[in-house]
Amino acid sequence: VLFTDIVDSTALATQYGDRRWRELLEAHHAFVRERLDRHGGREVKTTGDGFLAVFDGPSRAVTSAREIVDGMPSLGIEVRAGLHTGEVELMDDDVGGIAVHAAARIAALAGPGEVLTSRTVRDLGIGSGIDFAPAGRHTLRGVPDEWDLYSVARPR
């Protein structure tokens, strides 16, 4: 499960004005959708200034997230992303469940330009060539236990 979010979107929308902000969102959405398609992701929905997407494998999700985050400065914006792998409830065209909540909370903890993942994603990505760096133990609001999180390094 992948969540993305444009950093400081309200301030940017105010700065750019409605028309320019809409144009920027359209460019953002096109870029994200192309990266989701490239890596086998399925867009579940947009969240105004972000996306909720699902993948059939964690490494594809991480690679897609890293490309999305790394490509946004070319549009003049920064994005954060959060990922978790777990069971999801299918609800028509939407998804739900604790895994979705966890991914949303992880995304909220990511810094500008950061892809943050749960330990589960990191563990399943071992051998993929993706570099994960420890990002500490965190409490995810409304989700039980403490979680070990990992930041995804930019490709070399």
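Throughout, read-outs are computed from the coordinates displayed, never taken from laboratory work. Remember, predicted model here, so these are calculated numbers, not experimental data. Every residue, glycine as well, gets a Cβ built from its backbone with ideal geometry; the counts of neighbours run over all protein chains shown.
General remarks:
- Extension gain for the segment residue 11 to residue 133, taken as residue separation times 0.36 nm less the Cα-Cα distance, is 40.9 nm to one decimal.
- The stretch between residue 90 and residue 154, if pulled fully straight at 0.36 nm per residue, gains 19.8 nm over its current Cα-Cα span.
- Taking 129, 86, 111 as the candidate residues, the one with maximal mean-square fluctuation in a Gaussian network model of the chain, Cα springs under 10 Å, is 129.
- Residue-span extension gain [residue 20 to residue 123] - 0.36 nm each, minus C-alpha spacing: 33.0 nm
- Charged-residue dipole, Cβ positions (Lys, Arg, Asp, Glu), the stretch 14-99 about Cα centre, Debye nearest 20: 320
- Rounded is the label for the stretch 33-156, because a/c, from the alpha-carbon gyration tensor with a ≥ b ≥ c as root eigenvalues, stays below 1.5.
- When +1 charges are put on Lys and Arg Cβ atoms and -1 charges on Asp and Glu Cβ atoms, the dipole computed for the chain relative to its Cα centre reaches about 400 debye.
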